[in-house]
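> Take a look at this one; I'll ask things after.
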Amino acid sequence: MKNLVILGAGTSGTMMANHLVKKLQKKDWKITIVDQYKTHYYQPGFLFLPFDTYTEDQVKKKGGKFIPKGVNYIQKKIEQIFPEDNKVELSDETLEYDILIVATGSKIAPDETEGLLGPLWQKDIFDFYTYEGALSLRNKLREWEGGKLVIHLTEMPIKCPVAPLEFAFLADSYFRKKGMRDKVEITYVTPLSGAFTKPTCTKALNYLLEEKQINIEIDFAIERVDNDNKMIIDYADKEIPFDLLVTIPTNMGDEVIERSGMGDDLNFIPTHKHSLQSKAHKNVFVIGDATNVPASKAGSVAHFQAETLTDNILLYTKGYKLKEEFDGHANCFIETGNNKALLIDFNYDQEPVHGTFPFAGIGPLKLLKESVFNHWGKLAFRWVYWNMLLKGIAIPFVSRNMSFKGKKFDIKAE
Amino acid sequence: MKKVIAQTEIDVNEEGYMTEFSQWSKEICVCLADEQDICMTEKHWEVIEYIHEKHNNEEPLSIRGIKKSGVINIKEFYSLFPGGPLKKSTLIAGIPKPKSCI
Ligand SMILES: Cc1cc2nc3c(=O)[nH]c(=O)nc-3n(C[C@H](O)[C@H](O)[C@H](O)COP(=O)(O)OP(=O)(O)OC[C@H]3O[C@@H](n4cnc5c(N)ncnc54)[C@H](O)[C@@H]3O)c2cc1C
């Protein structure tokens, strides 16, 4: 009997357990999955919690519900991986493996920025990338009387790279609905050279910021937070004052990756970008936010990766050459406020384009264009996530590799 | 797009970044720097060399990486390439602008 161990039962790990339990012979393979928490969070819902659009119950469920029968589910902390010895040490037991899948994700590391965890943390400075952060921000917004709202992104890569912009758009409509938009000055601060750095997106979307009167500060690489004067300050000594700071701190892989000596300086694991095999160890595979591949860190990307990785695990068990087919495909809804959203579809090489999705000419979803239909799509995604995505059920008509049908590549033609 | 610089024709994208690294040379680098009002010093060349090394190893460039590079600290990096140092240094180094998702 051989052992396949999956580390992390978030989006990617859970999907892999569901895929593999159907594909690996029970008599030959024992599948084990490990996670420290009992609760599985629907992280895309953290964007909506602060605005009271979703309730707590809509974004969390018991993790065990999604782990298929026949998979050994262990709720413990992973202390260290010993890839040379094919072993994983948990809090009070050691697992041996023939194949390891690392799916430990990424998380915020506010301690990487000087002053961020100072006296204002969770008083006037919040994140919404954690369940706790999103909830305290909701409570703050319910009673906030207005002032300077600064939405700030520390450094790339971050998971769901569009979430901070979506937050800015949703904040605009939230305060409008509350009748206090005139009391709030919104500024979006980014280390990148624009809110939309891909030229096609910039062309198609810059109007959104103007329309919503959101100020933008670009090329801002934060050095520290001045808690006394309520300012963020960058390496070029630029100062941006705030009354309420919503920040996306540095994102990093879990410390277990660092302890195990398997990561880069952000604790992400060097991974082959087309096959998802670890660059250092042939029997270690990496999926989702834990990899260093230059794709978006998003659930939709993990979903496409899971299909390639399942094939590759099967090929590996049989000693065949791996498929090198993952193309970086990402498919993201972008909430733009006022019950509208955009949809973008892109991969490692191809920038987001105009067109329709998933059917050429028919849609019903429109790429790079705001529509109410796209917003429904985003909200429906919560159902799709709990009922299809986690269970490894393919989403009809959406292929793992980016499809070029129905897309317009000459943006000037629009 | 084509651009003539230092009496040489180079391929650039619409933002002025070189698209063929093989066309890069020190002479072109000096002229590109000049267009950005940057006068190349010993320290600038050290940074360019570090950037090329990262590029050859397919390692992404970041401010964090600069901090740990041992070549330069971030304050110096800002003073060498004022106003968007990563953007400017990569443009001069002849490699693509650091990427992000959208
Ligand atoms: C605000 C926000 C909005 C988002 N919106 C979208 C969206 O609209 N669309 C989209 O596609 N994606 C979105 N995402 C991104 C998406 O949630 C992630 O990309 C996805 O969850 C990645 O899955 P993963 O399995 O790699 O990591 P995770 O789902 O984070 O799972 C990692 C798991 O590993 C466990 N773990 C880590 N270390 C240890 C350890 N040492 N011991 C034990 N267990 C450990 C953790 O407990 C966790 O359960 C959003 C994310 C956020 C934060």
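The values are calculated or read from the model by the stated rules, or taken from the named source; none is laboratory data. Note that this is a predicted model, so its numbers are computed, not measured. Methodologically, a virtual Cβ is constructed for each residue, glycine included, from the backbone with ideal geometry; neighbour enumeration extends over all protein chains shown. Remember, those area values only see protein heavy atoms, side chains included, never the ligands or the DNA or RNA. Shrake-Rupley method; radii C 1.70, N 1.55, O 1.52, S 1.80 Å.
> Reachable lysines from A:LYS321, Cα under 16 Å, same-chain residues fewer than 8 places away excluded?
A:LYS273, A:LYS279, A:LYS282
> Then there's this: Contact order normalised by length for the range A:161-235, with contacts defined as Cα pairs under 8 Å and 6 or more residues apart; what percent is it?
27
> While we're looking at this one, here's another question. Considering the Cα positions of the range A:204-363, please state its Rg to one decimal place and its Dmax as a whole number of Å.
Using the Cα atoms of the range A:204-363, the pair Rg, Dmax is 20.3, 62 Å.
> With a ≥ b ≥ c taken as the square roots of the eigenvalues of the C-alpha gyration tensor of the range A:273-319, please select rounded if a/c is under 1.5 and otherwise prolate if a/b is larger than b/c or oblate if it is not?
oblate
> GluC sites (Glu not before Pro) within the range B:4-102: which are DSSP loop residues with at most 12 other Cβ atoms inside 10 Å?
B:GLU14, B:GLU15, B:GLU20, B:GLU58
> State whether the range A:53-121 is rounded, prolate or oblate according to the following rule on the C-alpha gyration tensor (a ≥ b ≥ c being the square roots of its eigenvalues): a/c under 1.5 gives rounded; otherwise a/b larger than b/c gives prolate, and the remaining case gives oblate.
Note, shape of the range A:53-121 comes out oblate.
> Could you report the buried accessible area between B and A, both sides summed, computed with a 1.4 Å probe and given in Å² to the nearest 100?
1900
> For the pairs A:LYS26/A:LYS318; A:LYS148/A:LYS212; A:LYS123/A:LYS148; A:LYS62/A:LYS123; A:LYS65/A:LYS366, note any where the Cα-Cα span goes beyond 24 Å.
A:LYS62/A:LYS123; A:LYS65/A:LYS366
> Over 43 Å apart: what share of the alpha carbon pairs of the protein assembly as shown falls there, rounded to a whole percent?
17
> Same structure, new question: Indicate the residues belonging to the range B:61-75 that lose 40 Å² or more of solvent-accessible heavy-atom surface (probe 1.4 Å) upon moving from the chain alone to the assembly of all protein chains, ignoring ligands and nucleic acids.
B:ARG64, B:LYS75
> Another question, if that's okay. Please list, by residue number, every one of the trypsin sites (Lys or Arg not before Pro) in the range A:246-310 that is coil in DSSP and has at most 12 other beta-carbon atoms within 10 Å.
A:LYS282
> Per-residue ellipticity at 222 nm for the protein assembly as shown, helices alone: DSSP H runs ≥ 4 residues times -39500 (n - 2.57), over residue total, nearest 500 deg cm²/dmol?
Computed mean residue ellipticity for the protein assembly as shown: -8000 deg cm²/dmol.
> Would you tell me the mean number of C-beta atoms belonging to other protein chains that fall within 10 Å of each C-beta in A:192-201, as a whole number?
4
> Looking at the range A:123-229, which GluC sites (Glu not before Pro) are in a loop (DSSP not H, G, I, E or B) and have at most 15 other Cβ atoms within 10 Å?
For GluC sites (Glu not before Pro) across the range A:123-229 that sit outside H, G, I, E and B with at most 15 neighbouring Cβ atoms in 10 Å, the list reads A:GLU145.
> Further question on the same structure: Please work out the average accessible area per residue across the protein assembly as shown, using the 1.4 Å probe convention, and give it in Å².
Dividing the accessible area of the protein assembly as shown by its residue count gives 44 Å².
> Ordering A:ASP124, A:ASP85, A:ASP57 by accessible area with a probe of 1.4 Å, largest first, what comes out?
Accessible-area ranking of A:ASP124, A:ASP85, A:ASP57, largest first: A:ASP57, A:ASP85, A:ASP124.
> Considering only protein heavy atoms and a probe of 1.4 Å, how much of the accessible area of chain A is carbon and sulfur, as a whole percent?
Within chain A, the accessible surface is 50 percent carbon and sulfur.
> Another question, if that's okay. Taking every DSSP beta bridge with both residues inside chain A, roughly what % is antiparallel (nearest 5)?
Here the antiparallel bridges make up roughly 50 percent for chain A.
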